[in-house]
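Some notes on the structure that comes next.
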Amino acid sequence: MLTPHAGAPGDHDEYRALELLAGMPYGRLSMSMRALPFVTVARHIVSDRSVLLRLHGGFGYAQACDGNVVAYGADNLGDRGEGDEDVWTVQFAGTARLFDPSPAELERFGRPPRTADESPFIPEYLCIEPQFITVHHLGGVPARQVAHSA
């Protein structure tokens with residue numbers, strides 16, 4: 001689980017970023033495959049200062065990421081109501097490593113999908129320790145004020 005800590009001035013931002021990530025189940029993994037940029041969706045959980053990802057092994061993405069620097073991001077774009085302009089995004093870069101999750105981590109991931117592009121879903125797992133982590137927040141006029149300001 002995520003635990004707050006004291007330390008360098010940017011530690012609060014890192015804690016906030018990981019806290020926001022922990023509240024969303026999915027994000028986007030960015031990597032390079034054959035020298036070309038590529039983005040895919042991944043299920044994630046936050047464990048201390050690491051972000052653990054579950055991907056479909058049939059695509060070969062986890063193998064391509066193992067030992068390489070990747071970027072990962074998540075946001076609340078799909079979790080907002082009509083007129084809600086309160087937007088946040090978290091993104092970071094770090095080295096991805098294949099790993100075998102513990103039973104407790106598997107439970108936190110929840111049940112995997114049955115299929116990926118109509119093929120049986122084969123879970124593979126990556127662990128990333130975030131570096132260069134950023135949080136961006138866009139705040140808008142609350143929906144109740146928008147209705148009155150015309």
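Table for the structure above
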{"item": "3J(HN,Hα) from dihedral phi, the range 13-30, Karplus parametrisation 6.51/-1.76/1.60, rounded to Hz, x for glycine, proline", "result": "5, 5, 4, 4, 4, 5, 5, 5, 4, 4, x, 10, x, 10, x, 10, 9, 10"}
{"item": "Charge tally in the Cβ shell below 11 Å around TYR125, where Lys, Arg are +1 and Asp, Glu are -1, TYR125 excluded", "result": "-1"}
{"item": "Rounded if a/c under 1.5, otherwise prolate or oblate - the range 11-146, Cα gyration tensor axes", "result": "prolate"}
{"item": "Farthest toward positive dipole pole in the range 11-146 [+1 Lys/Arg, -1 Asp/Glu at C-beta], among ALA35, ASN76, PRO25", "result": "ALA35"}
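No value in this document is a laboratory result; all are computed from the given coordinates. In this text the structure is predicted, and so the values were computed from the model without any measurement. FYI the Cβ positions are ideal-geometry reconstructions off the backbone, even for glycines, and counts take in every protein chain you see.
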